[in-house]
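Each remark here refers to the structure printed beneath this line.
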Amino acid sequence: MTYSQFTIKSILKSKMNIFFLIILPIFTVIFLFVNLSAQKQDTIQYNAQQSYSFNQSEAQHIIKNKKHLKKGEVEVIPEYVMLAKENKAILNGIHKNNWNQVYSKQKEVNNHLNAEGNPASFTHELKRNNLLMDYLKSNHIKSPESESYPTHNLTFNLWMDNFIIPIVLLLVMIFILSNTYCKSYSDKINKDQLMPMSLNQQAFHKLTIGTLGFSIYYFMINVWNLIISSIMVGGIGFNYPYYIHNGKQMQYISLINIYWKAFILQIFSILFITSFIYLVTIIFKKRITVIFINIIALIGLSFCVHIFDFLQGIAKLIPSTYFDTVGIVSNNSMNLINKTSFSSGLMVLIISSAIVMLLIALINKLNTKEGRF
């Protein structure tokens, strides 16, 4: 049995490791049901039905009681009637499967609502929705789903990659790799020194197993997400829209442009995380200490760059910033819009990983030279 095979077997032999590895597949099923429930109140049809009912009810109420109302209150009747009519047209378009009519009418409603004096956030959402309607219409896409709670295969998987997988995958890596790497130490003595290979050779094997193993695991989780959502809901094309910030402008692009960049960035994130966990292990050696430091350094700092203003200025140079792969690629990462990019992420992660690996090699060389393992 080779050293690599021995390491892999020790990882898979642990019931605790298996428990951590099945967390994400379980989360997939849970959040798919959550989104299926939540999306019912976040569709074009639902919003049109609610708006139609509200405006029709208000118009009828004013007409019925106009004798007792002020002049200004009566004058809004045409607006309520018009909005009710437009939303009724949207509902009819959906019923007849005439989605071009739906998208055109939704833009008319948005433009009417986009009056002066509205809050900037409301105006922003209306403009964004108009862009979505234009994309859906030009790409001949029917029956669009909820943006906030997607459930179809590609959109749901990307939603998981955006909100759930980064933090859960990071936690799983910290616990499994910290436990695995720390098994080599007993009272801060490296038991693997008895192996007929140098410390740097051991490091190479362990880093390769960690990076390759979790890259495969990440790929398998994505395949699992696609399979489960396809079976339960259905498929969707790579030309489906995804919202991004392009410089200072809003834009919708096809999913394929997000997928390949996010996947590449995630692989290099895994490389850096694996290397960093190993570096912390050979310095501190004790399992609890290693896990605690990794949580603070990797997870804590990843959250802090989004919270503290003084870190946002240097966030572009911090590797943990780029663990939010989909947010970075789409330029939608909270409080970091226009401060990071896919290319800067690749550069920072590659350079940081190289520096960490160099430190590992230097520490191992120093320990070998001084007889400390």
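The values are calculated or read from the model by the stated rules, or taken from the named source; none is laboratory data. What you see is a predicted model; the values in this text were computed from it and never measured. Every residue, glycine as well, gets a Cβ built from its backbone with ideal geometry; the counts of neighbours run over all protein chains shown. The protein model used for the area step is the full one, side chains on, heavy atoms only, and it has no ligands, DNA or RNA in it. Shrake-Rupley method; radii C 1.70, N 1.55, O 1.52, S 1.80 Å.
Quick notes on this one:
- Among the residues of region 162-184, some residue qualifies, meaning at least one is within 30 Å of V280 (Cα to Cα) and touching a strand residue (DSSP E or B) at 6+ places or on another chain (Cβ under 9 Å).
- Take the conditions (1) closer than 30 Å to K127 by Cβ; (2) at pLDDT 95 or above; T211 misses just one of them, which is (1).
- Residue in region 111-124 that is open to solvent by 20 Å² or more (accessible area, probe 1.4 Å), within 23 Å of the chain's Cα centre (by Cα) and closer than 26 Å to D42 by Cβ present: yes
Rundown of residues vs (1) assigned by TED's automatic domain parsing to the domain that holds L265; (2) among the small types (G, A, S); (3) modelled with pLDDT under 95, yes/no style:
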position: N111; (1), (2), (3): no, no, yes
position: E116; (1), (2), (3): no, no, yes
position: P119; (1), (2), (3): no, no, yes
position: H152; (1), (2), (3): yes, no, no
position: N190; (1), (2), (3): yes, no, yes
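- Residue pairs meeting the criteria (Cβ under 6 Å; at least 6 apart or on separate chains; first aromatic (F, W, Y), in region 152-168; second open to solvent by less than 20 Å² (accessible area, probe 1.4 Å)): F156/P150; F156/S229; W159/P150
- S353 closer than 19 Å to G210 by Cα and either of a type in the set (D, E, K, R) or within 26 Å of the chain's Cα centre (by Cα) (or both): yes
- Residue pairs whose Cβ atoms lie under 6 Å apart, sitting 6 or more positions apart in sequence or on different chains, and linking a residue in region 76-94 that is within 18 Å of E58 (Cβ to Cβ) to a partner that is at pLDDT below 85 and open to solvent by 20 Å² or more (accessible area, probe 1.4 Å), are Y80/E58.
- Of all residues in region 331-368 being open to solvent by 20 Å² or more (accessible area, probe 1.4 Å) and not in a helix (DSSP H, G or I), the one that is farthest from G313 (Cα to Cα): N332
- Count of region 217-245 residues which are open to solvent by 70 Å² or more (accessible area, probe 1.4 Å), touching a residue at least 60 places away in the same chain (Cβ under 8 Å) and under 18 Å from the mean Cα position of the chain (by Cα): 2
- For Q49, the criteria (1) surrounded by 13 or more Cβ atoms within 10 Å (Cβ to Cβ); (2) under 28 Å from I227 (Cβ atoms); (3) at pLDDT 95 or above hold in every case but one, which is (2).
- Test result for L131, assigned to a helix (DSSP H, G or I), of a type in the set (A, V, I, L, M, F, W, C) and farther than 17 Å from I90 by Cβ: yes
Every residue, every condition in (1) β-branched (V, I, T); (2) open to solvent by less than 30 Å² (accessible area, probe 1.4 Å), yes or no:
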position	(1), (2)
V168	yes, yes
V172	yes, yes
C182	no, yes
I189	yes, no
N200	no, no
F204	no, no
L212	no, no
S215	no, yes
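- Residues being open to solvent by less than 40 Å² (accessible area, probe 1.4 Å) and more than 22 Å from S184 (Cα to Cα) - total across region 262-290: 4
- For L311, the conditions (1) open to solvent by less than 40 Å² (accessible area, probe 1.4 Å); (2) over 16 Å from I165 (Cβ atoms); (3) not β-branched (V, I, T); (4) not in a helix (DSSP H, G or I) all hold with the exception of (4).
- A single entry from L265, L271, L317 fulfils the requirement of being under 17 Å from the mean Cα position of the chain (by Cα), assigned by TED's automatic domain parsing to the domain that holds N239 and hydrophobic (A, V, I, L, M, F, W, C): L265.
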